[in-house]
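The values are calculated or read from the model by the stated rules, or taken from the named source; none is laboratory data. None of the values given here were measured: they were computed from a predicted structure. Here the Cβ is made from the backbone with ideal geometry for all residues, glycine too, and neighbour counts use every protein chain on show. Side chains included, ligands, DNA and RNA excluded: accessible areas come from the protein's heavy atoms. Shrake-Rupley method; radii C 1.70, N 1.55, O 1.52, S 1.80 Å.
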Amino acid sequence: MEERATVPAGGQKPLLQALAGETLERPPWWLMRQAGRYLPEYRALRTKAPGFIEFCLNPELASEATLQPVRRFGMDAAILFADILLVPHALGQKVEFGEDGPMLEPIAEGLGISGLRQGGIAGLDPVYETVRRCRAGLPVETALIGFAGSPWTVATYMVEGGASRDFRRTKAWAYRDPLGFAALIELIVEATVDYLSGQIAAGADAVQLFDSWAGVLSETGFARWVIEPTRRITARLKERFPAVPVIGFPRGAGLFYQHYVAESGIAAIGIDTPVSPAFAREMLQGRVAVQGNLDPVVLLVGGTVMVEEVRAIRGALGGGPFIFNLGHGVLPQTPPENVAALAHLLAEPADIG
Ligand code: CP3
């Protein structure tokens with residue numbers, strides 16, 4: 001076990017209480033992608049670095065971007081400002097962010113992992129410095145969440161070279177050459193354990209694994225490329241940091257959510273928008289804390305529909321360990337006033353009856 005500068009789980013931070021299995025009267029909340037372009041102060045800050053990677057690797061700018069939404073809306077957690085594609089960058093792959101999203105120099109199936117650094121990640125120390133600065137700048141009751149992409153999702157970007165519609169290169173590699181593909185996954189598992197350990201040692205209270213493309217795999221693929229690598233990461237982190245909870249977000253897992261919860265070793269499950277809150281209460285909340293799952297478009301629309309949807313989600317999940325969040329990230333077109341209205345709604349006590 002390593003020395004850490006933060007309050008242990010179950011301390012006075014509501015987010016950690018919920019992650020430890022407590023049911024709270026008012027659910028702790030934060031939003032995936034709560035920092036970023038919907039905030040004018042982020043857009044102003046973003047001009048201070050030429051590229052997005054430089055921005056992420058600048059502790060002064062990245063810590064300020066992390067703190068901005070918490071200062072404005074008072075969420076119960078800040079999420080480190082960084083990106084899941086810093087791991088491929090730190091493995092030596094060329095990563096750029098253009099107008100149409102990320103572009104990577106794709107890894108060819110035939111060459112396997114030979115072009116990547118084998119000795120572990122390099123150059124991510126500025127992220128740990130960002131964590132330390134955030135820690136110092138946050139109220140004591142506000143948790144700091146570190147994060148990484150899950151190996152499967154990171155691998156899709158590394159192999160496709162960016163976003164994809166059908167993931168055919170990545171899936172074809174996994175079907176044709178499972179051992180070669182497993183070597184890539186294993187390299188990402190190692191890098192992710194190192195990266196998250198660095199974040200935790202610097203002061204992250206919890207970490208989330210974003211598996212944005214978990215929902216495109218078959219049952220056997222999901223078991224092998226989503227659950228198994230996640231289980232290895234949670235087991236390794238638990239050895240070093242037994243008190244630090246891992247939140248899993250296997251977006252689109254559908255009927256595989258239950259397997260993921262039972263087998264991956266996570267402390268909390270992030271559910272996406274299509275998951276029925278009643279299903280999550282019945283089938284998932286008995287084992288782990290549940291986090292989710294307001295439609296990001298409802299946050300964009302706001303008004304009475306938001307009041308109703310928030311009430312329904314709280315009504316279904318508020319009787320057990322629960323963290324209020326979206327079902328996916330905040331959309332850049334979201335009016336900040338709607339997030340303020342959501343903060344206000346969540347501050348009210350639960351409806352009675
Ligand atoms: O506020 C936060 O949540 C913290 C920061 C954060 C970012 N990316 C900043 C970012 C987090 C947690 C992420 C996770 C991430 N990054 C995921 C998983 C979550 C998801 O949305 O499914 C994925 C798939 C990525 C990869 C990525 N980064 C893409 C596909 C893009 C382009 C599309 C987009 O959403 O903009 C990015 C760029 C990115 N990451 C931006 C931000 C604020 C926008 C770039 C900019 O501001 O110039």
What number of residues in region 10-22 are open to solvent by less than 10 Å² (accessible area, probe 1.4 Å) and away from the ligand (no atom under 16 Å from the Cβ)? 3
Does Ala77 fit the bill of being in contact (Cβ under 8 Å) with a residue 40 or more places away in the chain and crowded, with 21+ Cβ neighbours inside 10 Å? yes
Mind checking which residues of region 72-107 are away from the ligand (no atom under 12 Å from the Cβ) and under 19 Å from Glu160 (Cα atoms)? Ala90, Leu91, Gly92, Gln93, Lys94, Glu105, Pro106, Ile107
Taking region 34-52 and keeping residues surrounded by fewer than 18 Cβ atoms within 10 Å (Cβ to Cβ) and under 19 Å from the mean Cα position of the chain (by Cα) leaves Arg37, Phe52
For region 213-224, does any single residue satisfy the condition of being open to solvent by less than 20 Å² (accessible area, probe 1.4 Å), at pLDDT 95 or above and more than 23 Å from Gly110 (Cα to Cα)? yes
If you go through Val95, Val127, Val87, the only one that is of a type in the set (Val, Ile, Thr), farther than 20 Å from Trp152 by Cβ and open to solvent by less than 20 Å² (accessible area, probe 1.4 Å) is Val127
Taking only region 23-71 into account, find how many residues are more than 13 Å from the ligand (Cβ to nearest atom), assigned to a helix (DSSP H, G or I) and under 20 Å from Leu345 (Cα atoms). 1
So, in region 157-203, exactly how many residues are in contact (Cβ under 8 Å) with a residue 60 or more places away in the chain and polar (S, T, N, Q)? 2
Scan region 108-136 residue by residue and report those that are under 24 Å from the mean Cα position of the chain (by Cα) and either part of a helix (DSSP H, G or I) or within 16 Å of Ser164 (Cα to Cα) (or both). Asp125, Pro126, Val127, Tyr128, Glu129, Thr130, Val131, Arg132, Arg133, Cys134, Arg135, Ala136
